[in-house]
Structures are given as structure tokens and as C-alpha cells.
Amino acid sequence: MTFLTKALQKTGPDAPFKVVTIERRSPRADDVVIAIRAAGICHSDIHTIRNEWGQAHFPLTVGHEIAGVVTEVGPAVTKFAVGDRVGVGCMVNACGHCEQCEAGQEQDCLNGNVGTYDSIDVDGTVTQGGYAQHVVVNENFVCSLPDDLDFDHAAPLLCAGITTYSPLKRWGIKAGDKVAVVGLGGLGHMGVQIAAALGAEVTVLSRSLAKADEAKGLGAVDTLATTEAVFFVTHRGTFDFILSTISAPYDVDAYLGLLKPHGVMSVVGLPPDAMPVSMAALILGGKVLTGSNIGGIAQTQEMLDFCAAHGIGAVIEKIPVDQVDDAYDRVVAGDVNFRFVIDISTFDR
Ligand code: NDP
Ligand code: ZN
């Protein structure tokens, strides 16, 4: 059994987005149906649907920063009721019984979790994401939105928020730590706010100083332009922790040089191509180079509550459904402060 909902769909990497009607499954016993109010545009949506990470399954609807209201619940649902304000991020299912799932790390499920879009669901269908009026999700992959977070400012937290919160928590970032956030885009602007709320002394490393005022407003003490001639020499050995959100290839060794001895560089930006790392850049100074993949569901809820408690939300530019193609080009050009959010009500305009 299925029902129909409007969605933005692409039939191939070069095709424009079109409003179409797609099928959603009728809720299973443990599903909730969500009327989506806002959907953020993550650079991962762009990498995926432009085939930069490999062949996507077309026709495809992307979107994994979803905020909305529960409109229906399956008979076995215990966590949510009709009318609840909720969010869904990058995952909609996982095995639930491997050691990673049991540890609350569903993003690293040993049996492979089900992504919110472009993923093969348990019934064999390809999942379709949140640039749509409705989505149907297992209740264990739905989070509650705190009252203080409105839909538009909350939606980007479901990916950009948890992806930056999780490594900052894993590496114990605390008051006084010198943290560099590299790339002031959707993820970066959340990383700055969260690291600052944890008490860190945050410096933004950007390609220019164009966003320095905004960075300060987000809680950064300084912004430095990495394109300055001697930047990587001048700032050698400065930071305890670097969070890299860069979406394109870059010189990893150069950034490792900015760490203090025993410092940690956590990479969340996922450029399509492999990048070389010299072992010397790690060995000399005993540095740690690590990655991080979103975060588990319990930690996503913790992050939402943390953001509400600290008055943190995404800084957004709201767009109607017919401007998503333009928005993609602007994200790639670095021309967004700092996250586009699709106004889902404009499907009915
Ligand atoms: P954005 O495009 O919003 O931000 C990326 C930032 O990277 C830009 O704002 C820019 O910062 C910087 N940048 C872009 N190109 C270059 C370049 N050639 N050299 C140096 N810096 C550059 O993207 P998002 O924040 O949405 O996503 C960032 C990356 O993180 C993507 O690759 C995405 O797929 C990935 N991602 C990973 C997740 C995970 O779980 N690990 C989850 C979500 C996303 P500035 O203008 O300040 O220089
Ligand atoms: Zn994302």
C-alpha cells in the first residue's frame, strides 16, 4: 500500500529538478508519517545527485535535513504522536542488533544502515529524500524538535549539526582548546557555533576574509585566509584540533602542519577524489588524522537539545522549490550564508 506526495526529482545528473508525484509506503506498525515543513540543502545532496560519489539511482529525490510534523503513526509506535514536531537526518533504518547499533552508532551499522535517499531499503526499493511534502520513517530514526527550534532553523541541524557536534564531542573539545574550523559553509557554520558553545577558542580558516564578520557573529575569535602566501608557515603548530569541512580536494599535509604536536585533525568534508597524506606529516609531532560520519540517533537528539539550550540554530536562506537548481550552483560557488532551506509550502503555490 502506498500514497502519493509531491517531491523534487532529477532524472539524471544533468537534468533540472522537476516537481513530480512520488509514492511513499503506507506506514508500517513502527513508522511515522511526517508532513515536511523545511528541508535543508547539504553539499552531500549535490555530490550524490551530480554523480560525484559514483552512480546514483535515478530518478531520485534527495534531502536529509528534514523538519516537520507527525501526521500519522503506525499501531506499534510508542515515541511519537500526531502533531509532534520532529526531525529526520541522514539515516532511516539500520540492523538494530550489531555491536555498533547497540552502542548507539547506527551510522556505522555493521550490516549497513539505510540512508534517507539513494539507498536500498529493507523492501528493496530505493529510498527517496526530504525535498518532498511527506516522508515515512521508522520511529527509531526520528528525533524530537525542541520547542525553541523552529522548522527552518532546525532542519540543517539534522545533518550539518550532528556531523560537527559528534567529532567535537568524541575528541572532548572543552573550554580553552584552540579549534580551527576549515571552510565556512553549512557544516562549518554549525561547527563554529557548537565549538564556541563548548568553550573553545575558535578560528575560522577560509579561502578569504569575506565572511569574517559573520564568523565573529557565530562565535569565532578570528578568521584567517588560507590563500595568503605564507599562511601555512605563519600559523604552523597553532591548533589543538582542526575540523575540516572542505568539499573539494586540498593539501592535507599543509593542514596537519597547523596542528600542535599530538593535535587532532578530524575530517568531515568528503571530496570525491582520494588525497595524498605523507606519513611524515603524521609521525613528526605524533598527530592524529581521523574522520567522522554524521552521528548516532541518540547523539542527534542530544545535539538538538544542546542547540536549543544554547540558542544555536542554522543561519539560513529560505528558497521556494523552483530555485533549487540555482541554489546548487550557489553552494558550489561558496555563495550561501550559510544553508539553503527549501520552503516546502511552495510545492502548493
Ligand atoms: P558547503 O559547500 O556549504 O561548505 C563547504 C566549504 O568548503 C565552503 O563553504 C568553502 O569554505 C570550503 N571550500 C569549498 N571548496 C574549497 C576549495 N576548493 N578549497 C578550500 N576550501 C573549499 O558544504 P557542506 O558544509 O554542506 O558540506 C561540506 C562537505 O562535508 C561536503 O563534502 C559534504 O558532502 C560533506 N559532508 C560530510 C558528512 C559526514 O558525515 N562526514 C555529512 C554532511 C556533509 P570557505 O568559503 O570558507 O573557504
Ligand atoms: Zn548532509
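Got a sec? Which strands (runs of 3 or more DSSP E) wholly within segment 286-349 have at least 1 residues that are within 25 Å of Thr61 (Cα to Cα) and in contact (Cβ under 8 Å) with a residue 12 or more places away in the chain? Explain how you work it out, then say what you get.
Working: elements: 288-291, 316-319, 339-343.
The qualifying strands (runs of 3 or more DSSP E) are 316-319, 339-343.
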Practice task
Give segment 51-60 a look and list any residue that's within 16 Å of ligand 2 (Cβ to nearest atom) and either part of a loop (DSSP other than H, G, I, E, B) or without any contact (Cβ under 8 Å) to a residue 12 or more places away in the chain (or both), or say none.
Solution key: Glu52, Trp53, Ala56
Problem - The lone exception for Leu198 - which of (1) closer than 27 Å to Val252 by Cβ; (2) within 16 Å of ligand 1 (Cβ to nearest atom) it fails - result: (2)
Problem - segment 308-346: number of residues that are buried (at least 19 other Cβ atoms within 10 Å of the Cβ) and away from ligand 2 (no atom under 16 Å from the Cβ) - result: 4
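I'm checking my understanding of the structure. Among residues of segment 273-291 that are of a type in the set (Gly, Ala, Ser) and over 18 Å from Pro167 (Cβ atoms), which one is nearest to the chain's Cα centre (by Cα)? Full working, then the answer.
Taking segment 273-291 as the starting set, the residues that turn out to be of a type in the set (Gly, Ala, Ser) are 274, 278, 280-281, 285-286, 291.
Filter again for over 18 Å from Pro167 (Cβ atoms), leaving 274, 278, 280-281, 285-286.
Values: Ala274: 21, Ser278: 28, Ala280: 31, Ala281: 28, Gly285: 31, Gly286: 30 Å.
Applying the filter and picking the extreme gives Ala274.
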Practice task
Kindly indicate whether any position in segment 268-280 is away from ligand 1 (no atom under 16 Å from the Cβ), hydrophobic (A, V, I, L, M, F, W, C) and touching a Gly at 6+ places or on another chain (Cβ under 8 Å).
Solution key: no
Completion exercise
Scanning segment 215-252 residue by residue, those within 11 Å of ligand 1 (Cβ to nearest atom) and acidic (Asp, Glu) turn out to be Asp251
Problem - Residue selected from segment 160-182 under the condition within 16 Å of ligand 2 (Cβ to nearest atom) and touching a strand residue (DSSP E or B) at 6+ places or on another chain (Cβ under 7 Å), by the criterion farthest from Ser292 (Cα to Cα) - result: Ala160
Completion exercise
Taking segment 80-106 and keeping only residues that are more than 24 Å from Thr5 (Cα to Cα) and surrounded by fewer than 16 Cβ atoms within 10 Å (Cβ to Cβ), one is left with Gly96, His97, Glu99, Glu102, Ala103, Gly104
Practice task
Consider Gly183 carefully, then state whether it is closer than 26 Å to Gly63 by Cβ and either basic (Lys, Arg) or modelled with pLDDT of 95 or more (or both).
Solution key: yes
Exercise for the section: For segment 227-271, name all the residues that are in contact with a strand residue (DSSP E or B) (Cβ under 8 Å, 6 or more places away or on another chain) and free of Cβ contacts under 8 Å to residues at least 12 places away in the same chain. Expected result: Phe231
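In segment 141-162, what residues are in a loop (DSSP other than H, G, I, E, B) and over 19 Å from Glu317 (Cβ atoms)? Full working, then the answer.
Applying the first criterion (in a loop (DSSP other than H, G, I, E, B)) to segment 141-162 yields 142, 145-150, 159.
Of everything in segment 141-162, those that are in a loop (DSSP other than H, G, I, E, B) and over 19 Å from Glu317 (Cβ atoms) turn out to be Val142, Leu145, Pro146, Asp147, Asp148.
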Exercise for the section: Among the numbered conditions (1) more than 16 Å from ligand 2 (Cβ to nearest atom); (2) under 30 Å from His97 (Cβ atoms); (3) touching a His at 6+ places or on another chain (Cβ under 9 Å), tell me where Val136 comes up short. Expected result: (3)
Practice task
Can you run down the residue pairs with Cβ atoms below 8 Å, 6 or more apart or on separate chains, where the first is in segment 26-50 and more than 16 Å from ligand 1 (Cβ to nearest atom) and the partner is polar (S, T, N, Q) and part of a loop (DSSP other than H, G, I, E, B)?
Solution key: Ala35/Gln133; Ile36/Gln133
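Starting from residues that are of a type in the set (Lys, Arg) and part of a strand (DSSP E or B), keep the ones in segment 1-38 and report whichever is nearest to Val135 (Cα to Cα). Spell out how you get there, then give the answer.
Residues of segment 1-38 of a type in the set (Lys, Arg): 6, 10, 18, 24-25, 28, 37.
Going one step further and asking which of them are part of a strand (DSSP E or B), we end up with 6, 10, 18, 24-25, 37.
Working: Lys6: 10, Lys10: 18, Lys18: 18, Arg24: 7, Arg25: 9, Arg37: 11 Å.
The selected residue is Arg24.
Would you say Val136 is under 30 Å from Asp322 (Cβ atoms), in contact with a Lys or Arg (Cβ under 6 Å, 6 or more places away or on another chain), in a strand (DSSP E or B) and at pLDDT 95 or above? Talk me through it step by step, then tell me what you get.
On the way: under 30 Å from Asp322 (Cβ atoms): yes; in contact with a Lys or Arg (Cβ under 6 Å, 6 or more places away or on another chain): yes; in a strand (DSSP E or B): yes; at pLDDT 95 or above: yes.
For Val136, the condition - under 30 Å from Asp322 (Cβ atoms), in contact with a Lys or Arg (Cβ under 6 Å, 6 or more places away or on another chain), in a strand (DSSP E or B) and at pLDDT 95 or above - is met.
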Handout entry: Every residue from segment 204-258 that is surrounded by fewer than 16 Cβ atoms within 10 Å (Cβ to Cβ) and in a strand (DSSP E or B)
Key = Asp222, Ala225
Practice task
Would you mind finding the one in Ala67, Ala56, Ala35 that is within 19 Å of Ala154 (Cβ to Cβ) and buried (at least 20 other Cβ atoms within 10 Å of the Cβ)?
Solution key: Ala67
Exercise for the section: Go through segment 163-185 residue by residue and tally those that are in contact with an Asp or Glu (Cβ under 9 Å, 6 or more places away or on another chain) and in a helix (DSSP H, G or I). Expected result: 2
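It is to be established whether one or more residues within segment 168-180 are within 16 Å of ligand 1 (Cβ to nearest atom), closer than 27 Å to Val70 by Cα and surrounded by 19 or more Cβ atoms within 10 Å (Cβ to Cβ). Break it down stepwise before answering.
Of segment 168-180, the ones within 16 Å of ligand 1 (Cβ to nearest atom) are 168-171, 179-180.
With closer than 27 Å to Val70 by Cα added as a condition, the list becomes none.
The answer is no, given that none of the residues of segment 168-180 is within 16 Å of ligand 1 (Cβ to nearest atom), closer than 27 Å to Val70 by Cα and surrounded by 19 or more Cβ atoms within 10 Å (Cβ to Cβ).
The values are calculated or read from the model by the stated rules, or taken from the named source; none is laboratory data. Quantities reported herein were computed from a predicted structural model and do not represent experimental measurements. Positions of Cβ are backbone-derived with ideal geometry, glycine not excepted, and every protein chain shown enters the neighbour counts.
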